[in-house]
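Presented below is the structure to which this report refers.
Here, each number is a calculation from the coordinates, and none is a lab measurement. Bear in mind the structure is a predicted one, so any value in this text is a computation, not a measurement. Heads up, the Cβs are rebuilt from the backbone with ideal geometry, glycines too, and the neighbour counts pull from every protein chain shown.
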Amino acid sequence: MSALNNTAVRLKPLATPAEWMRARRQWSPFYAFLLVGAALVVGLILLVPAYLFLRAAGSEQATIDTLLSPRTWTVLGNTLLLAGSVTLASTAVALPLAWLTTMTDLPGKRFWAILAALPLVLPSYVAAFVYVSILTPKGLLQQALYPLTGIERLPSPFGFPGAFLVLTLISYPYIFLTTRAALKRMDPSLAEAARSLGASPWSAFWRVTLPYLRPSLIAGSLLVALYVLRDFGAVTMLQYSTFTRIIYNRYLAYQLDTAATLALVLVAVTAVILTLEQRSRGKTRYARLSSGAARRQRPARLGFWKVPALAFVSSVVFFSLIVPAAGLAYWFWRGWNQDWAVRDLGAAQNNLETLSGLLQPAFHSLSASLLGALLAMALALPIAVLAVRRPGKISRFFEQVTYASFALPGIVVALAFVFFGANYARSLYQTLPMMLAAYVILFIPQAVGAQRSSLLQVSPSLEEVGRSLGKRPLAIFRAITLPLVRPGILAGGALVFLTCMKELPATLILSPLGFSTLAAQIWSNIGEAFFARAAAPTLLLLLLSSLPLALLSLRDE
Amino acid sequence: MSPTVVCRNLRKSFGDLAVVDNVSFSVAAGQILALLGPSGCGKTTTLRLIAGFEQADEGVILIEGQEVANGRFHLPPEKRRAGMVFQDYAIFPHLSVADNVAFGLPRGKERPARVADMLDFVGLAGLGERMPHELSGGQQQRVALARALAPKPAVLLLDEPFSNLDAALRTAVRQEVKDLLKASGTTAVFVTHDQEEALFLGDQVAVMNAGRLEQVGPAEVVFHEPRTRFVAEFMGHTDFIVGTATSTGVDTALGFMPLAHNLPIGTTVDVVVRPDDVKLEAGTAETGNGRILSRQFLGIAYLYRVALEDGRVVESWQPHQIHFPIGTAVEASLRPGHALRCFYEGTAV
């Protein structure tokens, strides 16, 4: 006992009557604060469909006309066809790619895996404009082929074929990444057990590996389908009439009631897909039953098949990464030389002026995306903490609303804000706060998801032990929880930053006058087919938007 | 002196399931109480009720004479002065050993000295700057202990404190923890499913089953005089043999056992028999009353399972030099010594 008593310690007194009164409450002030914060965000998200609904209900005739018009049904058919075919094609590309880069002795596996994931950072409108510039009837491909073949015109890529090609090439990484992660986690003894029970390698794949991959395949496919439904840039650029394109056209034509109704239908479609995914996930949880670290998989020997496998992997990388990169480089080079040529003719602009003209849009993009990311990081925290630490009806509702905002395409959120701003909040209309609010609604699921998974890694006993040592919940949150989930918060923030930089429709519609971002700059240039002028801002956008993620992953290593 | 911890008629349900069902006990100052029971018996929930992480539906908890929970009002955990050592130790991974220990101490000049004293006390002097991942499992546990004891809690609560250690380390750490708790005069409640651990560490042992407290008392009493069949079965390798009450004791297949009782003569009772109570001698087909079923090598002894003529099975520990081949006839008898516990219709005689 001596060692313990030779220092005096102020003892905390036991409860006072006032503390007894406070103890009545089940929720500490800290959790009350979280509840209020989460409720505000959820209210903001729910405002979007609610307002669209009111708007559509307020003009019944226009709504009914829109819903009954055959045009609406054609658009619905187009949208579903594109989403379905891109999802299937992405699976067909991504599944073999994931298998080859994890389970086989393919040379340069890690290298191919990194390259195959990279198209994720390409905005769809960028991939679309590069492919358009190559594939139009008199495009780069035709110009290259003409001396050899004498072909005068190539078939037009506009409409479904182009949209299908471009969207598949940039969205397959979602399925690739989810299935690859699952394959890496998979216990090799599962397939080995199947083999020992007499299954051939092929049937072991079909009966064990593929069913094991099902949840990740579904999760990845959902991401792809939602990406297609939300996409605005590629379908508009390639002139394929899905909902987002038509909604934007109606908005430009001031047919706001029609636009609101179409937006509601689009929200309904995405909501149905989201629900289907939830259902199909059901109760299947493929936990590893055995504890302990997984053994390393002995890679399957490809042997003679190495040649076709390499051909497959490199052609995917070629079309999804090399072609867009080379196309951008080509247009940048053309732009650089063209401007010199123009200056020789006495034109006003030279390359330096062009580049310095990018400084302001770059600053706008950076500051808006940074603010958006910071806001999303801060506002996601109450939702994630409640969902993980206070599971219950209210927190589950909050979390589900947040994830359901995945079903709100950028164009829809932007429209709702335009209506709302024009009618009720003129002073906020086309101001930075309104654009940032739209960013938060659009991208908060990414921040919540990242924070949630890193909160799940923090054992609740860490927080409980803090309380048994006499600290209040807020103090524990600051001293224990926050430092431990910081990597998750930062990763989520970096992801939000990346998507804010690329975001197009909400930025186009909601950005304040004179607030030109890189994305808007690219869009206005490619809209007028000034591909050469779009190349420089695109390269700058790609560089800046990937910076935080790159820094984070460097620090992790 | 009033007890340090008092639990009176605690009840806690999760949905329809009564996890803690009318549990009452108290712990005197400086004593260690072991809450023992199979998994899912409610022992951890009881501990969490005392700590304040769960709130009892009914019942009163007093810590050092002050009410901390009474079914309607519940003091938050940080106001209860109940230190906690978790199964996974819950060492803050981003804080150094010293910062972990300092966490519950008020800021001030005394803090560093107190931290140094505590580290010294648990034998980690000089390791204050280490990060948790640089420590062994046993060292981590000592950090958890030092951290919990640093703010001088009224009671220390330990949840399965040894289950994360491997068998070789467990015995040594157990002794160490017992010495530390006794040296600091700490009042403690600890939860375990391991009866050996409970008997070793607990001044008092409380056996729980299906949310109810079956028996609480000194270790020897709970072991030798189980109040319910459950406690008898849970403590040690326990077999039951049939006995018939006579005027001076009980007649069993293993011989006569003197016992004072007030049952009618001829009543059938169940007698609790543990492997150390049964003597085995080589027998013939005529003289033997049992047959060897199996032999298990326990390391320190052999454990024989013997089938009696009435079909019941008893177990017996035998030293290494004695060998009975499987199937041989043996004469099994009760080793005279302490009286064995008898149950009549489920209650102790």
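For chain B, the calculated P(r) over all alpha carbon pairs, in 10 Å bins from 0 to the bin holding the longest distance, is 5, 21, 25, 21, 15, 9, 3, 0, 0 percent. Full extension of the segment from A:Ile394 to A:Thr354, taken as 0.36 nm per residue of separation minus the current Cα-Cα distance, would add 9.1 nm. Its residue count N sets the reference 2.2 N^0.38 Å, and the alpha-carbon radius of gyration of the protein assembly as shown equals 1.25 times that reference. One quarter of the surface of the convex hull around the alpha-carbon atoms of segment B:1-55 equals 4.1 nm², the direction-averaged projected area. Taken one residue at a time, the phi angles of segment A:227-234 give Karplus couplings (6.51, -1.76, 1.60, θ = phi - 60°) of 4, 5, 5, 7, 5, 10, x, 5 Hz. Gly and Pro are set to x.
For B:Lys12, the aspartates and glutamates whose Cα comes closer than 20 Å to its Cα, not counting residues fewer than 8 places off in the same chain, are A:Glu464, B:Asp21, B:Glu54, B:Asp57, B:Glu58, B:Glu67, B:Asp159, B:Glu214.
Relative contact order of segment A:147-293, taken over Cα pairs closer than 8 Å and 6 or more residues apart, is 27 percent. Inter-part distance, segment B:106-129 to segment B:232-258, computed on C-alpha centroids, equals 55 Å. Expressed per residue, the C-alpha convex hull volume of segment A:207-256 stands at 87 Å³. The alpha-carbon atoms of segment B:174-298, seen along their principal axes, cover 60, 39, 27 angstrom, with the largest extent given first. Measuring r between the beta carbons of A:Ser427 and A:Ala92 and using R0 = 30 Å, the FRET efficiency lands at 0.05. Our coupling estimate for segment B:81-93, obtained by passing each phi through the Karplus curve with A = 6.51, B = -1.76, C = 1.60 and θ = phi - 60°, is 6, 10, x, 9, 10, 8, 3, 8, 6, 6, 6, 5, x Hz, Gly and Pro reported as x.
Fully extending the segment from A:Trp73 to A:Arg279 would add 71.5 nm, taking 0.36 nm per residue of separation and subtracting the current Cα-Cα distance. Amide H contacts of B:Glu58: B:Arg11, each under 5 Å away and 5 or more positions distant or on a separate chain (H built 1.01 Å from N in the peptide plane; Pro and chain starts excluded). Site pair B:Asn262 and A:Glu192 shows an inter-label distance of 6.8 nm when each label is modelled 7 Å from Cα along Cα→Cβ. Dividing the summed -39500 (n - 2.57) terms of all DSSP H runs of n ≥ 4 by the residue count of chain A sets its mean residue ellipticity at 222 nm at -24500 deg cm²/dmol.
Within chain A, which is the longest segment that contains none of the trypsin sites (Lys or Arg not before Pro) sitting in a DSSP loop with at most 15 other Cβ atoms within 10 Å? It runs A:427-557. In segment B:286-308, which residues have a backbone nitrogen under 14 Å from the label point lying 7 Å from B:Ile326's Cα in the Cα-to-Cβ direction? Residues B:292-297, B:303-307 fall inside that zone.
Here the 3J(HN,Hα) profile of segment B:299-308, calculated from phi with Karplus coefficients 6.51, -1.76 and 1.60 at θ = phi - 60°, is x, 7, 6, 9, 10, 9, 9, 10, 8, 8 Hz, Gly and Pro shown as x. The calculated FRET efficiency for A:Trp202 paired with A:Tyr146, based on their beta-carbon distance and R0 = 45 Å, is about 0.45. For the protein assembly as shown, the residue among B:Met235, B:Ala339, A:Leu484 whose Cα projects farthest onto the positive side of the dipole built from Cβ charges is A:Leu484. Ordered by the count of other Cβ atoms within 10 Å of each Cβ, fewest first, A:Val228, A:Val166, B:Val278 give B:Val278, A:Val228, A:Val166. Based on C-alpha pairs under 8 angstrom that are at least 6 apart in sequence, chain A has a relative contact order of 19 percent. Within a straight-line Cα-Cα reach of under 24 Å, A:Lys184 can be paired with the following lysines, leaving aside sequence neighbours fewer than 8 residues apart in one chain: A:Lys109, A:Lys283, A:Lys306.
Here each label is just a point 7 Å from Cα along the line to Cβ, and for A:Ala181 and B:Ala18 those points are 4.6 nm apart. Between B:Asp120 and A:Leu370, the FRET efficiency from the beta-carbon distance, with R0 = 35 Å, is close to 0.10.
Between A:Leu118 and B:Leu169, the simple label model (points 7 Å from Cα in the Cβ direction) yields a spacing of 4.6 nm.
Taking amide H as placed 1.01 Å from N in the peptide plane, B:Val278 has its amide H under 5 Å from the amide H of B:Trp317, B:Arg335, each at least 5 places away in sequence or on another chain. Partner lysines whose Cα lies under 22 Å from the Cα of B:Lys109, excluding those fewer than 8 positions away in the same chain, are identified as A:Lys12, A:Lys471, B:Lys152. Look at where the Cα atoms of segment B:73-90 and of segment B:162-224 average out, and the two centres are 19 Å apart.
For B:Val68, the amide hydrogen comes within under 5 Å of the amide hydrogens of B:Ile61, B:Leu62, B:Ile63, counting only partners 5 or more places away or on other chains and with H modelled in the peptide plane.
For segment B:211-317, the set of GluC sites (Glu not before Pro) satisfying both a DSSP loop assignment and a count of at most 10 other C-beta atoms within 10 Å is given as B:Glu286, B:Glu309.
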